[in-house]
Amino acid sequence: MNDWKVVPVTGQVEVNGQALQEPTPEPEEEPDTDMMRLNDELETKVQKVLARPEQPSEVVAINNFANIQITVSTIRCLQAGEWLNDEVINYFLALLQQRELRKRPGEPRFHFFSTFFYNALFARNKNFNYQAVQRWTTVEKLNYSLIKCRKVFVPVHQQGSHWVLAVINLVDEQVEYYDSMGGVDRTCMSNLKSYIAEEFNDKGGEPLDTARWPAVAPSDIPQQDNGFDCGVFMLTYADYLSREHAFTFSQEHIPHIRERIRNEILQDKAD
């Protein structure tokens, strides 16, 4: 199986007659893996947050878009050696969605599900249950059409202990699986093929045959060398893919990336 690579795509793209958003012709600026530069006000806020062990429940960040609050205790999971929690993961994914919507209001190329999506898809006796998430993606709720996006990002918590990123690629008509420990879950990818087929049937008016879609698990992606950085890798995969950039980070950059995620959460904006 060939490894998947990010490549520029030009021209109008359609899936089952549905026009997808056209990519911008010029590549975006290469993302910086180093800690983003802080203004004095934010630098002061960071230092105060990290110095307040006696106030773990104090709210230090609020994202109204996703209705998430981050406390002193919660944001400490971004310190070295800690596993990321759902609140931090969902907050950062919401920032990525907002970044995309700022660039393309009403016509985003990418949709980011929260950590609740994949579990909800199997909430009833752990069987596939499209009805459980059917109304999550109405145009009235999102203010855009998911089936016109180019890619759909799905965080998956494997066995409750390891974060991976699955991507429904509507341009190349395949499902992709990014695991920082080199694993492959073809059942997960098959489930997401079933989901997007149901989504087209429900909201697109045109059937989408995903039976022959390949399941792609690229092997040449950055890998973790410990047991606690999987969530950071998963978020960074999503960040780079949504910038349409090749992966230029590695394990050595993760301490800086943790700081960058923390800083963007505290300023409530992903740059």
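Table: residues versus (1) out of contact with any His (no Cβ under 6 Å at 6 or more places or on another chain); (2) hydrophobic (A, V, I, L, M, F, W, C); (3) assigned to a loop (DSSP other than H, G, I, E, B); (4) at positive phi.
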| residue | (1), (2), (3), (4) |
| --- | --- |
| Arg76 | yes, no, no, no |
| Glu82 | yes, no, yes, no |
| Ile89 | yes, yes, no, no |
| Phe92 | yes, yes, no, no |
| Leu96 | yes, yes, no, no |
| Arg99 | yes, no, no, no |
| Pro108 | yes, no, yes, no |
| Ser114 | yes, no, yes, no |
| Tyr118 | yes, no, no, no |
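Looking at Gln267, Gln158, just one residue is closer than 25 Å to Ala94 by Cβ, touching a Leu at 6+ places or on another chain (Cβ under 9 Å) and modelled with pLDDT under 95, and that residue is Gln267. Taking the criterion of being over 17 Å from the mean Cα position of the chain (by Cα), charged (D, E, K, R) and assigned to a helix (DSSP H, G or I), the residues of the stretch 190-239 that qualify are Lys193, Glu198, Glu199, Asp202, Lys203.
Right, Met181: over 30 Å from Lys45 (Cβ atoms), without any contact (Cβ under 8 Å) to a residue 60 or more places away in the chain and surrounded by fewer than 19 Cβ atoms within 10 Å (Cβ to Cβ) or not? Yes, satisfied.
Residue pairs whose Cβ atoms lie under 7 Å apart, sitting 6 or more positions apart in sequence or on different chains, and linking a residue in the stretch 54-68 that is in contact (Cβ under 8 Å) with a residue 24 or more places away in the chain and farther than 22 Å from Glu43 by Cβ to a partner that is among the small types (Gly, Ala, Ser) and assigned to a strand (DSSP E or B), do not occur here. Only residues that are free of Cβ contacts under 8 Å to residues at least 60 places away in the same chain, farther than 29 Å from Arg104 by Cα and not charged (D, E, K, R) were counted across the stretch 227-248, and they come to 1. Restricting the stretch 54-74 to residues that are hydroxyl-bearing (Ser, Thr, Tyr) and in a helix (DSSP H, G or I) leaves a set whose member that is surrounded by the fewest Cβ atoms within 10 Å (Cβ to Cβ) is Ser73. Just so you know, in the stretch 157-178 the residues that are touching a residue at least 60 places away in the same chain (Cβ under 8 Å) and under 13 Å from Thr115 (Cα atoms) include one that is farthest from the chain's Cα centre (by Cα), and it is His162.
Of all the listed residues (Leu84, Leu95, Leu78), the sole one being closer than 19 Å to Ile257 by Cβ, surrounded by 14 or more Cβ atoms within 10 Å (Cβ to Cβ), under 12 Å from the mean Cα position of the chain (by Cα) and among the aliphatic types (A, V, I, L, M) is Leu95.
The values are calculated or read from the model by the stated rules, or taken from the named source; none is laboratory data. Everything numeric here is computed off the predicted structure, so don't read it as measured data. Note that we place each Cβ from the backbone using ideal geometry, even for glycine, and neighbour counts take in every protein chain shown.
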